[in-house]
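Participant: First the structure, which I've put down as structure tokens, then a few questions once you've had a look.
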């Protein structure tokens, strides 16, 4: 007489055990290490160049100073090759990256980046910017995409994940050789494994 019950093959049973062990390791990791999300902040902007050419080409050179705070005692964060951009009203005006760095546990890191751009800036965008300049209320979006590898006590290197940080800023001016005041900041984060 043949049984109607499913009997897993040897390989499937082994795979199931590995899955249970992986889940147990992840739960133990979160229980013992108690990881917390790092925080990020834009400290200031310095507009070195903001030059609108006759052919509607906008040339920019903007220095951005950011702060990353790692609140975890035993977890280090290895920030790898990255992409940073600044957009105004949906148009990318500057791009660049920051130097990759290793941030140890309970550490605050201030880092600079120079973002440059040559973009098409049509008369409609020019008028919109002029209006925003006159109001002293210019919305910008700084987007950061950075792969990060987690290190536990500088011994165990875990797999990397990609962090997306979006910072919506409102500044009072966007003029060459000026440091604008940041009137408002709002951050959103997203993580992809």
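The values are calculated or read from the model by the stated rules, or taken from the named source; none is laboratory data. Predicted model only: the values in this text are computed from it and were never measured. Glycine gets a Cβ as well: all are built from the backbone with ideal geometry, and neighbour counts include every protein chain shown.
Participant: Go through region 65-90 and report how many residues are part of a loop (DSSP other than H, G, I, E, B) and within 27 Å of residue 152 (Cα to Cα).
Facilitator: Adding up the residues that qualify gives 7.
Participant: Checking residue 101 against (1) farther than 15 Å from residue 151 by Cα; (2) surrounded by fewer than 14 Cβ atoms within 10 Å (Cβ to Cβ); (3) at pLDDT 95 or above, which single condition isn't satisfied?
Facilitator: Unmet condition: (1).
Participant: Among the residues that make up region 75-90, is at least one of them more than 27 Å from residue 181 (Cβ to Cβ), modelled with pLDDT under 95, more than 15 Å from the chain's Cα centre (by Cα) and surrounded by fewer than 17 Cβ atoms within 10 Å (Cβ to Cβ)?
Facilitator: No - not one qualifying residue is present in region 75-90.
Participant: Hey, another quick one. With the condition kept exactly as written, say whether any residue in region 47-64 is under 17 Å from the mean Cα position of the chain (by Cα), within 30 Å of residue 151 (Cβ to Cβ) and not in a helix (DSSP H, G or I).
Facilitator: Yes, because at least one residue in region 47-64 is under 17 Å from the mean Cα position of the chain (by Cα), within 30 Å of residue 151 (Cβ to Cβ) and not in a helix (DSSP H, G or I).
Participant: Which one of these does residue 171 not meet: (1) touching a strand residue (DSSP E or B) at 6+ places or on another chain (Cβ under 6 Å); (2) more than 17 Å from residue 43 (Cβ to Cβ); (3) crowded, with 16+ Cβ neighbours inside 10 Å?
Facilitator: With (1) touching a strand residue (DSSP E or B) at 6+ places or on another chain (Cβ under 6 Å); (2) more than 17 Å from residue 43 (Cβ to Cβ); (3) crowded, with 16+ Cβ neighbours inside 10 Å applied to residue 171, the lone miss is (2).
Participant: Here is a follow-up. Quick one: residue 131 ticks every box in (1) assigned to a strand (DSSP E or B); (2) more than 15 Å from residue 93 (Cβ to Cβ) except a single one, so which number is it?
Facilitator: So the condition that residue 131 fails would be (1).
Participant: Quick one: in region 129-140, of everything that is surrounded by fewer than 16 Cβ atoms within 10 Å (Cβ to Cβ) and either touching a residue at least 12 places away in the same chain (Cβ under 8 Å) or under 14 Å from the mean Cα position of the chain (by Cα) (or both), which residue is farthest from residue 37 (Cα to Cα)?
Facilitator: 133
Participant: Moving on. Could you list, in sequence order, the residues of region 134-167 that are within 20 Å of residue 103 (Cβ to Cβ) and not in a strand (DSSP E or B)?
Facilitator: Hits for region 134-167 are 153, 154, 155.
Participant: Moving on to the next point. Answer with yes or no whether residue 110 is loosely packed, with under 14 Cβ neighbours inside 10 Å, in a strand (DSSP E or B) and either touching a strand residue (DSSP E or B) at 6+ places or on another chain (Cβ under 6 Å) or modelled with pLDDT of 95 or more (or both).
Facilitator: yes
Participant: In region 168-193, which residue that is in a strand (DSSP E or B) and touching a residue at least 40 places away in the same chain (Cβ under 8 Å) is nearest to residue 85 (Cα to Cα)?
Facilitator: Among those that are in a strand (DSSP E or B) and touching a residue at least 40 places away in the same chain (Cβ under 8 Å), it is 169.
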